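Below is one structure, written out as structure tokens; comments come after it.
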Amino acid sequence: MNHKKVAEEVNKAVGEGNIQAAAHCATRLRLVLKDPSKVDHAALDNNEDVKGTFEANGQFQIIIGPGDVNNVYAELVKITNVKEASTEDLKAVAAEGKKQNPVMAFIKVLSDIFVPIVPALVAGGLLMAINNVLTSPNLFGPQSVVEMFPNFADVASIINLLSSAPFAFLPILVGFSATRRFGGNAYLGAAIGMVMVMPDLVNGYGVANAITEGTMPYWNIFGLEVAQAGYQGSVLPVLVVSWILATLEKFFHKKIPAAFDYTFTPMLAIIITGFLTFIIVGPIMRTVSDGLTDGLVWLYETTGAVGLGVFGLFYSPIVITGLHQSFPAIETTLLADVARTGGSFIFPVASMANIAQGAATLAIFTLTNNKKQKSLASSASISALLGITEPAIFGINLKMKFPFVCAMIASGVACVSLGIFHVLSVAMGPASVIGFISIAPASIPYFMISAVISFVLGFGLTLAYGKKKMEVPVTEAEDGQAAVEINENPDQVITAKDEVLSAVISGKVVPLSQVNDPVFSTEMMGKGVAIIPEDNQLFAPADGVLTVMYDSKHAYGIQTDDGAEVLIHVGIDTVNLAGEFFTTNKKRGERVKKGELLGTFDREAIKKAGYDDTVMILITNSAAYSEVSVLDKLTVAAGDDLVAVSEAYA
């Protein structure tokens, strides 16, 4: 690679003088641009030395590859005279442009609170869907499954118990997550959540009836009557309560001497928050929450199919802005009181939008002759159809514009169908082609009809328009060279041979498609596998030379003696940690033996700092092989055979 030439081409493509700040990590250039609209995406897409681009967190990221990226970065700095920055500095610059937007800041807070608890809600939601299948009549016949087969009754009862728990005790989950997000002790947050759902209180779902019927018990607090009302299934009240709790805790930490802080701060924070919850905050926020829920239900019932169609049309653009991060909070509120709301209209709409984007990307896979584009489209389309649309939207559809618009139209039409048939979800689940499992049983056929409409229109419109308007990109350089170069000695060439690489760490094996970073999940950097670690030691997967080694110690590049170029990357965006929590004694250019210790990292500290600690093992010269396969294993110990590369082209 001619690093200077690549830097010049990158600078020209992003717009000369358009770079505000620049940094790099193990695989990519990270740029903050003054005007992102000036980027010539076509030039970057057709550059054979650029493996892909995407935008995230205010940064325009250009994937170059390990070993080369630091050289390209150095040349780019020389050309542009941009001040070199660390990834943490760059993150601050990117955030600077966003901090004036209070709406996005609020949405980010909601996202930070709800994303960690979504797995529990999804698990409960899917179990609720299974329970509905077992107990709903007219699904497989006039009688339900448990009526036809009474032996399943107790099974359904246990499943119902399991499915109800996350929603009945939702304040505990939200209290834990929200208090931690607001800077307080998460366990105190869980404790106040427990207070709000104590069995001694009137169940939150029955509060309205108890007040109407005059059976609500009250505490007499110095002449003030305080309702003994619970908050099962509540979201908004516990969010405000958690903020108050965290604020009080931080206040007392500052004011109470250290000798008494540990004992009295938790007590004071809980007792004050508890009284405020039942006397003021809870009743007010319950009214606000009920009003919000009733308003959403009214809006859905009033606008009907037309309103749902408009929502479906603009759902994907909403995803681009990040506003969809607020939807889990709204949807949780709708699902927590299904008896009153009937369910959620958000999940079916999200499913139609995701299916349409996946179908449009699949059409591009059919149309394009660009090998890089075809490779990305194949994986991104499947990912979108299964509910993860970022690779499809940012990697393909937005760059080409018309697939994104075609998918919007398809989603809008499909959502009109949802509105006509009043399709609602009764549980949280994957917003995708398999989303029917979260739909009310009687509406599943109509959901599937709408899904077919979304897919057929998304694929058909994109294909028809693309045949007329799509310009075939410049032909890429041929893939599959028989040899690869070692960075330390460009004159030394090794012929790639069959070999089996071992696991670099012990843990659970997961496919790259499940990694929460499009650079890895779409295989932009090459094929491979990911491991959710159960250990903190990294070992060499084969004999070779360390070609990549950074001060941040979060990534290693190894050129094996048999020709494979292996990138070992610890965590997502962990370059921002600047080496904190990582240790190593290795240096670039040093030889390593298979099974030799490369370095260590503190998993718990990394996760506590808010980073994913998944370890990726990538074959960055995958094109030099006809096959890169992952051995069929659910878990591995460090040193176990894991990745096989074979049949190198001659």
Checked 281, 288 against criteria (closer than 20 Å to residue 229 by Cα, surrounded by 16 or more Cβ atoms within 10 Å (Cβ to Cβ) and hydrophobic (A, V, I, L, M, F, W, C)); the one match is 281
If you go through the range 606-618 one residue at a time, do you hit one that is more than 28 Å from residue 53 (Cα to Cα) and not β-branched (Val, Ile, Thr)? yes
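Conditions (1) surrounded by 18 or more Cβ atoms within 10 Å (Cβ to Cβ); (2) modelled with pLDDT under 50, marked per residue:
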| residue | (1), (2) |
| --- | --- |
| 481 | no, yes |
| 484 | yes, yes |
| 487 | yes, yes |
| 490 | no, yes |
| 497 | no, no |
| 505 | yes, no |
| 508 | no, no |
| 513 | no, no |
| 518 | yes, no |
Return the residues of the range 382-393 that are buried (at least 23 other Cβ atoms within 10 Å of the Cβ), farther than 20 Å from residue 42 by Cα and of a type outside the set (A, V, I, L, M, F, W, C); say none if nothing qualifies. 383, 389
Working carefully through the options 21, 7, 13, find the one that is more than 20 Å from residue 554 (Cβ to Cβ), part of a strand (DSSP E or B) and aliphatic (A, V, I, L, M). 21
Could you tell me whether residue 157 is assigned to a helix (DSSP H, G or I), modelled with pLDDT under 90 and of a type in the set (S, T, N, Q)? no
Is it fair to say residue 270 is touching a strand residue (DSSP E or B) at 6+ places or on another chain (Cβ under 6 Å), farther than 20 Å from residue 425 by Cα and assigned to a helix (DSSP H, G or I)? no
So which of 621, 576 ends up being touching a helix residue (DSSP H, G or I) at 6+ places or on another chain (Cβ under 6 Å), buried (at least 16 other Cβ atoms within 10 Å of the Cβ) and farther than 17 Å from residue 509 by Cβ? 576
Quick one: would you say residue 590 is over 28 Å from the mean Cα position of the chain (by Cα) and in contact (Cβ under 8 Å) with a residue 40 or more places away in the chain? yes
Can you name the residue in the range 234-248 that is among the β-branched types (Val, Ile, Thr) and surrounded by 23 or more Cβ atoms within 10 Å (Cβ to Cβ) and is also farthest from residue 167 (Cα to Cα) among such residues? 241
Out of the range 190-212, which residues are part of a loop (DSSP other than H, G, I, E, B) and closer than 16 Å to residue 277 by Cα? 197, 198, 200, 201, 203
Here is a list of conditions, (1) at pLDDT below 90; (2) surrounded by fewer than 20 Cβ atoms within 10 Å (Cβ to Cβ); (3) under 14 Å from residue 249 (Cβ atoms), and residue 181 meets all of them except one; can you say which number that is? (2)
Residues that are at pLDDT 70 or above: which helices (runs of 4 or more DSSP H) entirely in the range 39-105 hold 2 or more of them? 41-45, 69-80
Select, from 527, 553, the only residue that is basic (Lys, Arg), assigned by TED's automatic domain parsing to the domain that holds residue 640 and under 23 Å from residue 498 (Cα atoms). 527
Determine whether residue 234 is in contact with a helix residue (DSSP H, G or I) (Cβ under 8 Å, 6 or more places away or on another chain), among the small types (Gly, Ala, Ser), closer than 30 Å to residue 347 by Cα and assigned to a helix (DSSP H, G or I). no
Is there any pair with a first residue in the range 30-59 that is without any contact (Cβ under 8 Å) to a residue 60 or more places away in the chain and within 18 Å of residue 368 (Cα to Cα) and a second that is surrounded by 21 or more Cβ atoms within 10 Å (Cβ to Cβ) and of a type in the set (Gly, Ala, Ser) whose Cβ atoms are under 8 Å apart and which are 6 or more apart or on different chains, and what are they? 43/13; 44/13; 47/13
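The values are calculated or read from the model by the stated rules, or taken from the named source; none is laboratory data. These numbers were taken from a predicted model, which means no experiment stands behind them. Every residue, glycine among them, receives a Cβ derived from its backbone with ideal geometry; neighbour counts consider all protein chains shown.
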